[in-house]
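Note sheet for the following structure.
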Amino acid sequence: MFKEFKTFIMRGNVMDLAIGVIIGAAFGKIVTSLVEDMIMPPIGLLLGKVDFSNLYINLGEKEYSSLAEAQKAGAATLNYGNFINTLINFFIIALVIFIVVKQLNRMKKKEEVKAPDTKECQYCLSTIPLRAVKCQSCTANLNEEGTLKQSSE
């Protein structure tokens with residue numbers, strides 16, 4: 001069982017997935033910092049010096065001056081400011097992933113568009129150069145479409 005597990009783990013796809021998860025986690029931290037430290041402060045300033053991370057709805061009767069104070073007291077709160085930050089994080093990550101996938105697909109299409117330089121003989125099924133007029137394996141005479149030439153005998 002250990003040998004099978006080791007074989008499974010050492011497969012290329014599993015290792016690629018593990019590396020992707022690690023890079024994704026690091027990328028997520030970068031995006032979180034970008035949103036919380038670079039994007040939200042100017043937006044909060046434009047909206048009247050609002051700090052989104054401190055926006056909350058107190059579900060209890062006692063009033064608190066800040067989210068930190070309410071959380072320290074163990075009050076039930078709806079932290080919609082943190083939710084807004086998380087939504088912005090998600091949309092930035094989704095946009096970056098969309099752009100990366102779109103670019104990868106564009107590169108794949110360029111590789112797939114490459115014109116073939118060989119064709120298959122319809123008689124012996126061997127691979128021959130695209131411009132060949134005679135099959136090198138079965139010596140059939142081919143016209144430009146790769147079909148047998150009609151002899152004028």
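The values are calculated or read from the model by the stated rules, or taken from the named source; none is laboratory data. What you are looking at is a predicted structure, and each value in this text was computed from that prediction instead of being measured. With ideal geometry, Cβ positions are generated from the backbone for all residues, glycine too; neighbour counts draw on all protein chains shown.
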*Residue identified as in the same structural domain as Phe27 (by TED's automatic domain parsing), surrounded by 12 or more Cβ atoms within 10 Å (Cβ to Cβ), at pLDDT 85 or above and within 30 Å of Glu36 (Cα to Cα) among Phe98, Phe83*: Phe83
*Answer yes or no: is there a residue in the range 53-63 that is over 30 Å from Gly24 (Cα atoms) and touching a Phe, Trp or Tyr at 6+ places or on another chain (Cβ under 7 Å).*
yes
*Determine the pairs where a residue that is in contact (Cβ under 8 Å) with a residue 40 or more places away in the chain, located within the range 38-60, has a partner that is crowded, with 16+ Cβ neighbours inside 10 Å with Cβ atoms under 7 Å apart, the partner being 6 or more residues away or on another chain.*
Ile39/Ile88; Met40/Phe52; Met40/Asn85
*Are any residues in the range 64-99 within 23 Å of Lys29 (Cα to Cα), in contact (Cβ under 8 Å) with a residue 12 or more places away in the chain and of a type in the set (Val, Ile, Thr), and if so, which ones?*
Ile84, Ile88, Ile92, Ile93, Val96
_Subset of the range 57-96 (residues that are charged (D, E, K, R) and assigned to a loop (DSSP other than H, G, I, E, B))_ = Glu61, Lys62, Glu63
*From Ala76, Ala25, which residue is touching a strand residue (DSSP E or B) at 6+ places or on another chain (Cβ under 9 Å) and either at pLDDT below 85 or among the small types (Gly, Ala, Ser) (or both)?*
Ala76
